[in-house]
Each structure stands twice: as C-alpha cells, then as structure tokens.
1. Which of the residues belonging to region 218-239 are away from the ligand (no atom under 14 Å from the Cβ) and either within 25 Å of VAL69 (Cβ to Cβ) or not in a loop (DSSP other than H, G, I, E, B) (or both)?
2. Which count do you get for residues in region 303-314 that are buried (at least 20 other Cβ atoms within 10 Å of the Cβ), outside any loop (DSSP other than H, G, I, E, B) and either of a type in the set (Gly, Ala, Ser) or under 16 Å from the mean Cα position of the chain (by Cα) (or both)?
3. Residues that are closer than 29 Å to PRO412 by Cα and within 12 Å of the ligand (Cβ to nearest atom): does region 380-390 have at least one?
4. So which residues in region 507-541 are among the hydroxyl-bearing types (Ser, Thr, Tyr) and within 12 Å of LEU461 (Cβ to Cβ)?
5. Quick one: is PRO279 farther than 23 Å from ILE30 by Cα and surrounded by 17 or more Cβ atoms within 10 Å (Cβ to Cβ)?
6. Within region 231-264, count every residue that is under 11 Å from the mean Cα position of the chain (by Cα) and at positive phi.
7. Since THR552 meets every condition but one in (1) among the hydroxyl-bearing types (Ser, Thr, Tyr); (2) surrounded by fewer than 17 Cβ atoms within 10 Å (Cβ to Cβ); (3) touching a residue at least 40 places away in the same chain (Cβ under 8 Å), which condition does it not meet?
8. Tell me which residues, restricted to region 244-272, are in a helix (DSSP H, G or I), in contact (Cβ under 8 Å) with a residue 60 or more places away in the chain and among the small types (Gly, Ala, Ser).
Amino acid sequence: MALLGQMMSMPLLISSLIQHAARHAGDTEIVSKRCEGDLHRSTWAEVELRARQLAQALARLGLSAGERVGTLAWNGHRHLEIYYGTSGSGLVCHTINPRLFPEQIAWIANDAQDQALCLDLSFLPLVEKIAPQLKTVRHFILMTDRAHMPAETSLPGLLCYEDLVAAEDGHYTWPLMDEDTASTLCYTSGTTGHPKGAVYSHRSSVLHAFGAAMPDAMACTRRDVILPVVPMFHVNAWGLPYSTALVGAKVVFPGPHLDGKSLYELFEQEQVTFSAGVPTVWLGLLNYVGSQGLKFSSFKRTVIGGSACPPAMLATLMDVYGVEVIHAWGMTELSPLGTLSRLSSKHLSLPPEQQRRLLEKQGKAIYGIDMTVIDDARRELPWDGRSAGNLVVRGPWVIASYFGHEDSPLIPVTGRDGRDAGLWFPTGDVATIDEDGFMQITDRSKDVIKSGGEWISSIDLENIAMAHPAVHEAAVIAVAHPKWDERPLLVVVTKPGATVSRDDILKFYEGKIAKWQVPDDVAFVSEIPHTATGKMLKLKLREQFRSHVLPTV
Ligand code: AMP
C-alpha cells in the first residue's frame with residue numbers, strides 16, 4: 001500500500017484566501033468608485049468581516065449550501081464581499097453579465113435556479129423589467145445603503161444590502177468543506193445555442209489564483225496596486241479578486257466608470273501599478289491619454305486578453321508609455337487563464353523585433369494548463385509555428401462538463417507517436433504552437449463574433465434575418481473593427497424577385513436583440529458558399545469580406 005503524506009489536511013477553500021488577506025494584509029486598502037458616485041475606502045480586514053456578516057445574513061434569509069446567488073454588478077467592494085460571503089459559506093456565487101439582452105439574463109438566472117439576486121443600483125430598472133420572468137429568485141438585494149433605496153419599486157420585498165450586513169455581528173466561522181464543492185458559476189455565450197454555465201470549484205479557483213499570481217503570469221505582488229478593468233461578471237475578473245487576496249495587494253475598483261478619463265484619473269490618484277482588460281478598454285484609455293498629452297506616473301504593466309491584442313496597441317503601451325504588455329489568452333471554461341506571453345531567458349539575447357514578435361503571440365501555457373494543437377482526425381500536430389490546428393487544453397482549472405449538461409465536451413486525442421493522449425477540452429480556437437511553446441491564435445472554428453470583449457452569436461443574428469420575408473439565406477461573419485476588434489456583417493441572399501434595403505433589414509433587428517449586437521452592415525450576394533454537406537463555408541466568406549469597410553456609426 002502506498003505511503004500517505006503526513007501533512008495537515010487543509011482543503012483549498014476560497015475562504016482561505018480572504019482569511020489570509022485579512023490576517024496578513026488586513027490594513028491594505030480596497031478602493032471602490034461606486035454607482036452612488038462616491039469613492040469608498042475599506043481594507044481586506046473589513047471586506048472579510050463584512051463577508052462574514054453577509055454569510056450570516058444570507059443564512060438568515062434561508063439560503064443553504066449549494067444554492068446559487070446571482071449578481072448583476074460592477075467591480076466594487078460589495079461585489080467582492082459577495083464573492084467571499086457566498087462561496088466562503090458554501091453558496092455558489094453566480095455572476096451574470098448585465099450587458100446581455102434582458103431575456104437572456106432571465107434565461108440564465110432561471111437555468112442556474114438563482115435563489116437570490118444581488119444588484120447594483122444601475123441595474124434596478126433592468127431587474128424590475130425581468131422580475132416577472134424570474135422563476136426561482138426569492139430575494140432581491142440592492143447593493144446600496146438605506147439612503148439610496150428607491151421610494152418605490154415593483155421588486156417584491158426588495159432588501160437593502162447595507163441593512164442586511166449591519167444587522168449581523170460577524171461571529172461566524174468559515175465552514176470547512178470538500179475542496180471540490182462548487183464555488184462559482186459563470187455562463188458563457190461563446191458557443192451556439194443557449195449560454196452554458198461553467199461551474200468552478202474551491203480547489204480549481206484557489207489553484208487558478210496561485211497560477212495567475214505567478215511571476216510569469218500576472219506577477220501579482222503585495223507591493224502592487226491592482227485595478228481590474230475586466231469586469232467581475234467576466235470569468236471572475238480573470239481571477240483577480242482571488243489572486244489579489246492571495247498576495248495581499250491593494251485593489252482599486254472602477255465601478256461603472258470605464259471611460260478613458262475616469263480610468264486615467266483613478267490610475268493616477270491611486271497610483272495603480274497593474275491592470276487587466278480587453279483591448280477595447282485600453283483603446284479608450286489610450287485615446288484619452290494621447291489626446292490630452294498625458295503620461296502614466298505609476299502604471300507598470302498590464303495583461304491584455306479576451307481578444308487578440310493588436311500589435312499597434314502593444315507597441316504604443318510599451319514604447320510610448322513604458323507599460324509592459326502581457327498578452328494573454330483564456331476562456332470562461334478555463335477559469336480563464338491558459339497562456340501568457342512572457343519571454344524565457346534564451347529569448348533575452350534575441351534582437352528586439354524578434355522579442356516583440358513573440359510577445360505579440362498569445363503566449364506560453366502556465367503550470368496548471370497543458371495544451372496542444374490537433375488535426376481533424378484528433379491527432380497531435382507538430383509544434384513548429386506553422387501547423388495550424390484545433391487548440392485543445394486540459395488541467396485542474398479546465399471544465400469537464402457544463403452546468404446541467406450530462407454530455408462531456410472532452411474529446412480523445414492521439415499523440416504524435418500514435419499513443420492515446422487522454423481527454424482534452426476543445427477550445428474552438430485554431431492555433432499554431434512554435435518550438436518554444438508559444439501559441440498563436442490564427443482563426444476560430446466556433447461560429448461567433450467577439451465585439452469589445454462580448455460575444456455575439458452569429459446563429460441568433462442569422463435566425464432573425466431568416467425570418468425576414470425577403471431573405472432567402474443569411475450568414476453572419478466577423479469583420480475586423482479598429483475599436484471593437486470585431487463587428488458582425490450580415491451577408492444576405494434575397495428571395496427571387498424580392499427587393500429589400502440594408503436599412504430595412506437592420507430595422508428588422510430592433511427589439512429582437514440587444515442594440516450593440518445588431519450587425520453593422522449588410523452585404524447582398526447572389527450565393528453563399530457551402531460545403532458538400534450543405535454547411536455554410538464561413539471561412540471562405542470571412543476571406544471574401546476580409547477588407548470590407550464597415551460604415552462608421
Ligand atoms: P470567453 O470565454 O468569453 O473568455 O472567450 C474565450 C475566447 O475568446 C477564446 O476561446 C478566444 O476565441 C477568444 N480569446 C481570448 N483571448 C484571446 C486572445 N488573446 N487572442 C485571441 N482570441 C482570444
């Protein structure tokens with residue numbers, strides 16, 4: 001029989017992160033710009049105490065282990081308290097993307113069977129609108145104080161967050177539980193059909209927090225002042241609420257104020273050293289800083305991911321502003337970090353342009369993630385920087401199934417030597433990997449568009465177009481856009497004899513989908529290319545419209 005280790009048995013729990021931060025970085029600040037318009041200051045110790053009070057309050061409301069608590073909230077200290085108060089007490093923190101269409105939000109909350117919903121003031125009108133559709137929510141909690149509670153609301157028994165917290169004494173001990181217990185739930189609409197939930201565990205979240213904080217990943221330290229621009233409703237702000245606690249860093253939350261000017265002022269005022277977000281946000285910040293002739297006085301490095309970081313943006317940040325850019329790739333299903341582009345010692349002697357080419361790639365896998373590229377027969381391809389194939393990953397923070405779905409998304413892979421290489425998660429991205437393990441995304445096999453870091457389903461847009469009486473066939477593809485990375489272009493074949501204008505078709509989308517998801521343009525063609533089995537050849541269409549110029553709106 002194998003010899004067992006003789007170490008203390010301490011499960012990897014999310015509560016251990018906040019307890020560590022409270023005990024060892026208790027006076028380190030957590031600064032939040034709030035919906036109410038003020039700048040709020042607290043500390044890790046206060047966040048932990050209030051998370052305990054919240055855990056007591058949620059238990060008093062009758063919520064029990066495993067139940068889901070939804071959030072519709074910006075980045076802020078109350079959202080952080082909810083992260084820890086829910087997961088830490090055995091509930092599941094379910095962050096919902098408020099930018100989705102109201103019907104999608106209701107669908108997601110119902111699918112997750114959320115029992116309570118915590119919302120920021122900005123989302124009160126939205127939740128009032130969808131409340132009649134919410135089948136399982138028993139408690140609505142407005143994340144504000146008594147003074148900002150609405151005089152009237154249609155939400156039944158609307159609770160005040162600050163009242164709930166204040167009513168509890170905090171005499172609460174974080175419970176021990178199995179580290180594989182579900183801690184967090186996040187839906188991704190990155191694939192076709194209905195959104196699907198990725199359920200993270202305490203173990204996967206803590207391991208990811210370690211991995212993300214490492215020097216060749218985000219390099220979070222207790223000397224850093226970290227401003228997560230990436231929303232806490234997008235895969236847990238890439239794990240930063242956990243990694244910052246793990247190292248005891250000062251955290252600055254921007255709330256809903258994500259425009260270039262507000263961000264710049266907050267960066268300077270709080271002396272932010274590190275941040276993370278999608279390219280679109282940096283564009284706003286860079287435009288503001290450039291137009292005003294400003295410089296950053298403390299900003300040292302940033303992780304850019306979620307969409308490909310344009311080389312010009314990387315160059316501006318590095319060369320003009322002296323901000324190190326770490327290009328990263330990940331997915332909701334990966335908690336989300338997979339690869340980050342940082343050089344190895346042997347690259348330091350390369351000429352600067354060659355170093356730059358490497359940094360522009362999506363980067364190298366960090367410990368906790370293994371990846372490779374495979375062909376259509378699911379056989380591993382060489383790592384030569386040229387062979388493009390489907391990117392597959394595996395590791396302790398990669399999902400093995402989706403919430404409520406029996407079927408496994410994992411696929412068997414055959415190694416280059418013909419041996420069984422086990423089960424892997426197919427990412428839907430197409431990539432090359434070079435001899436040094438640098439991965440570069442070259443295309444996407446999944447049929448979606450990513451605009452400003454948010455998904456748009458081409459299928460949904462096609463289905464709407466197909467319902468138009470003049471449309472015979474419709475395909476939606478992504479076209480490159482300087483601000484949003486990608487925008488949808490609708491390619492249409494009209495019915496014989498039918499005449500319809502671009503504007504008529506675009507008008508048809510009104511009220512059927514969120515405004516920002518409506519295609520930017522319509523291209524009329526006589527035929528859409530198909531495969532032998534009748535599937536639309538999107539790759540060909542993307543090539544055909546690669547240089548299509550979208551109208552400026
Ligand atoms: P999400 O689940 O919303 O985080 O989206 C994950 C997907 O975004 C990936 O599968 C990629 O298609 C895309 N993505 C994320 N990061 C990058 C990147 N650095 N470059 C290109 N695509 C990216």
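The values are calculated or read from the model by the stated rules, or taken from the named source; none is laboratory data. Note that this is a predicted model, so its numbers are computed, not measured. As a convention, Cβ positions derive from the backbone with ideal geometry for all residues, glycine included, and neighbour counts pool all protein chains shown.
1. The answer is VAL225, ILE226, LEU227, PRO228, VAL229.
2. 2
3. Yes - at least one qualifying residue is present in region 380-390.
4. TYR509, the sole residue that qualifies.
5. Spelling it out, PRO279 is indeed farther than 23 Å from ILE30 by Cα and surrounded by 17 or more Cβ atoms within 10 Å (Cβ to Cβ).
6. Looking only at that region, the number is 5.
7. All conditions pass for THR552, except number (3).
8. Hits for region 244-272 are ALA245, SER262.
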